[in-house]
Amino acid sequence: MWVSKVILKGDNAILGSIAKKLSMNFIGYPISIYKKEENINVCFVGHTFARPEKIKELVEVLKKSERILNFEESNGFFIGRIKENTELNSMYEENIVYAEPVLIKDDGTEEWMIGSWEREDLTKFVDLVEKKYHGKLINISNRKINNFSIMSINPPMTENQKEAMNLAISNGYYSYPRKIDLKQLSKIFGCCYSTYQSHLRKAELKMIPFAFNKKIRK
């Protein structure tokens with residue numbers, strides 16, 4: 001299968017622009033797509049690690065948007081339906097596979113990992129996002145996908161654990177190479193190193209096994 005990673009600026013995209021406006025990170029999937037008259041309706045699921053007050057603000061913004069047809073949220077998990085223009089057909093072709101969850105960062109950028117049996121499908125996708133969203137092709141290759149799952153993305157966490165995880169993601173802790181260390185993150189969080197490390201470690205212990213549907217042995 002042909003697989004490609006693309007990064008685009010989401011200033012003109014509904015979720016990317018909201019992520020930038022509210023300084024939030026999202027992760028999620030389009031789960032079903034169907035065309036209706038002059039529009040493409042995209043059903044999606046996602047998750048954010050933001051605090052409740054930020055999530056409340058997110059819900060209010062989304063419900064005011066004319067492009068959001070339906071939306072529900074519970075404990076940071078959300079599901080909804082977006083109305084897109086048919087000019088985005090190349091992004092939502094039936095031959096496109098979403099090989100990984102879409103990551104939408106708090107600076108508005110979006111990371112898409114897509115696949116197709118036909119390279120031409122990916123080329124059309126890339127051409128579209130380059131023109132409309134100032135997108136950038138990171139790589140494209142013909143390879144076997146060795147893992148795929150539309151995972152459950154809402155593990156139960158405390159508010160401190162969610163905030164610790166959100167802070168780490170926002171500041172590039174999980175980038176390679178890392179852009180920040182735990183001591184710096186603890187200062188931003190406003191607590192001592194050991195306390196922040198504990199919050200983040202517990203969040204990771206919930207998130208990682210949850211993503212792979214595994215239980216930690218005690």
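Against the 2.2 N^0.38 Å scaling, with N counting residues, where does segment 13-138 land? I'd like the Cα-based Rg ratio to two decimal places.
1.04
Before rounding to the nearest 500, sum -39500 (n - 2.57) across all DSSP H runs of length at least 4 in the chain and divide by the residue total; then give [θ] at 222 nm in deg cm²/dmol.
Taking each H run of at least 4 residues, the total per residue is -11000 deg cm²/dmol.
5 Å is the cut-off here: which amide hydrogens, built 1.01 Å from N in the peptide plane, fall below it relative to ILE31, excluding neighbours closer than 5 in sequence?
Result for ILE31 returns CYS43, PHE44, VAL45.
What is the distance in Å between the Cα centres of segment 66-122 and segment 1-46?
First find each Cα centre; the distance between them is then 3 Å.
Between rounded, prolate and oblate, where does segment 159-211 land on the alpha carbon gyration tensor, with a ≥ b ≥ c its root eigenvalues, rounded for a/c under 1.5, else prolate if a/b exceeds b/c?
Oblate, because a/c is 1.5 or more while a/b does not exceed b/c.
Cβ neighbours within 10 Å, averaged per peptide: list 77-90, 157-170 in order, most packed at the top.
157-170, 77-90
Residue-wise, which Karplus ³J(HN,Hα) couplings in Hz belong to segment 140-146, taking 6.51 cos²θ - 1.76 cosθ + 1.60, θ = phi - 60°, and x for glycine or proline?
8, 8, 9, 8, 7, 7, 9
Since every read-out is calculated from the coordinates, none of them should be taken as a lab result. This is a predicted model, so every value here is computed, not measured. Glycine gets a Cβ as well: all are built from the backbone with ideal geometry, and neighbour counts include every protein chain shown.
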